[in-house]
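Asks: Have a look at the structure that comes next, please.
The values are calculated or read from the model by the stated rules, or taken from the named source; none is laboratory data. The structure displayed is predicted, hence computed values, not measured ones. We place every Cβ from the backbone using ideal geometry, glycine too, and count neighbours over all the protein chains shown. When the accessible area is computed, the model is the full protein with side chains, heavy atoms only, and any ligands, DNA or RNA have been set aside. Shrake-Rupley method; radii C 1.70, N 1.55, O 1.52, S 1.80 Å.
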Amino acid sequence: MKNGGMPSALLLPVITCAAVLLLSGIAKLRDPATVDTAFSSLGVPRAVDTRLVRRVFPWVEIALGAWLLLATGPALVVVALVTLALFVAYLVLVARAARRPEPVDCGCFGALGDSEVTTVTLWRNVALALAAALSVVAGLRGVGVISSVVEGGVLAWLAATALTVTVAVLATYRSAASTDLGDTDGASTTAGSV
């Protein structure tokens, strides 16, 4: 731990990326059909759009998330670079999808949250790419989640917990429009409806 016992702020991006990858991978495992829909609707390049990649993909996200939490130094640099490449690829796919006139489902978090690609999805992916880039910096500076815990980074864990809860809320957020679409009894819950 650097700064006289104060945990590094660079822990937060690492933990954020790990939390997003773990949440996303687990959600996709719980609903594998969303991976198929996402690959199709986002226009994933044919070279990587195979049945094997679709089935292994959630496990890759989970492994990356776990590795981010466990790695330090050069190992963290490697996993953070892989995470950055993945998040930039997500950003490119989402940016392309956001420009389409028809709605596109990303299935980013399986059945959790609002899966329609919107401006919020685009900005979330920009923030995640930035968090991954800062994770590379964390690795270059020798910051690691496990090493900080061992050295007693309590404040970082409190802040990371708050950040993780925020990410979970944003990942599972459903807009009023998507909630109304799931309304099967014909009653609308939007303001101003009779």
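Asks: Residues in segment 60-92 that are closer than 17 Å to F39 by Cβ and more than 14 Å from the chain's Cα centre (by Cα): how many?
Replies: 1
Asks: Would you please list the contacts, defined by Cβ atoms under 8 Å and residues six or more apart or on different chains, that run from a residue in segment 87-101 that is farther than 17 Å from V60 by Cβ and open to solvent by 70 Å² or more (accessible area, probe 1.4 Å) to a residue that is assigned to a helix (DSSP H, G or I) and aliphatic (A, V, I, L, M)?
Replies: Pairs that qualify, where the first residue is farther than 17 Å from V60 by Cβ and open to solvent by 70 Å² or more (accessible area, probe 1.4 Å) and the partner is assigned to a helix (DSSP H, G or I) and aliphatic (A, V, I, L, M), are R96/L42.
Asks: Output yes when any residue across segment 34-41 is among the small types (G, A, S) and touching a helix residue (DSSP H, G or I) at 6+ places or on another chain (Cβ under 8 Å), and no when none is. Outline the logic, then answer.
Replies: First, pick out the residues of segment 34-41 that are among the small types (G, A, S): 38, 40-41.
From what is left, the residues that are touching a helix residue (DSSP H, G or I) at 6+ places or on another chain (Cβ under 8 Å) are 41.
Yes, because at least one residue in segment 34-41 is among the small types (G, A, S) and touching a helix residue (DSSP H, G or I) at 6+ places or on another chain (Cβ under 8 Å).
Asks: If a residue has to be of a type in the set (A, V, I, L, M, F, W, C) and in a loop (DSSP other than H, G, I, E, B) to count, how many in segment 5-24 make the cut?
Replies: Residues of segment 5-24 that are of a type in the set (A, V, I, L, M, F, W, C), as a first pass: 6, 9-12, 14-15, 17-23.
Imposing the further condition that a residue be in a loop (DSSP other than H, G, I, E, B) reduces the set to 6, 9-10.
Residues flagged as of a type in the set (A, V, I, L, M, F, W, C) and in a loop (DSSP other than H, G, I, E, B) within segment 5-24 amount to 3.
Asks: While we're looking at this one, here's another question. Within segment 9-20, is even one residue touching a Gly at 6+ places or on another chain (Cβ under 9 Å), farther than 14 Å from A131 by Cα and either touching a residue at least 24 places away in the same chain (Cβ under 8 Å) or surrounded by fewer than 16 Cβ atoms within 10 Å (Cβ to Cβ) (or both)?
Replies: no
Asks: If a residue has to be open to solvent by 30 Å² or more (accessible area, probe 1.4 Å), among the hydrophobic types (A, V, I, L, M, F, W, C) and out of contact with any Gly (no Cβ under 9 Å at 6 or more places or on another chain) to count, how many in segment 102-142 make the cut?
Replies: Looking only at segment 102-142, we keep the residues that are open to solvent by 30 Å² or more (accessible area, probe 1.4 Å), and these are 102-103, 105, 111-112, 114-116, 118-120, 122-124, 126-127, 130, 133-134, 137, 140-142.
Now restrict to residues that are among the hydrophobic types (A, V, I, L, M, F, W, C): 111-112, 120, 122-123, 126-127, 130, 133-134, 137, 140.
Checking the rest, the ones that are also out of contact with any Gly (no Cβ under 9 Å at 6 or more places or on another chain) come to 111-112, 120, 122-123, 126-127, 130, 133-134, 137.
Residues that pass the stated criteria total 11.
Asks: State yes or no: is L76 part of a helix (DSSP H, G or I), open to solvent by less than 20 Å² (accessible area, probe 1.4 Å) and within 30 Å of A9 (Cβ to Cβ)? Can you show your working first?
Replies: Values: part of a helix (DSSP H, G or I): yes; open to solvent by less than 20 Å² (accessible area, probe 1.4 Å): yes; within 30 Å of A9 (Cβ to Cβ): yes.
Criteria met by L76.
Asks: Of the residues G144, G107, only one is at positive phi and in contact (Cβ under 8 Å) with a residue 40 or more places away in the chain; which?
Replies: Just a single option satisfies the conditions, and that option is G107.
Asks: If you scan segment 25-70, which residues turn out to be open to solvent by less than 60 Å² (accessible area, probe 1.4 Å), assigned to a helix (DSSP H, G or I) and charged (D, E, K, R)?
Replies: K28, D36, R54, E61
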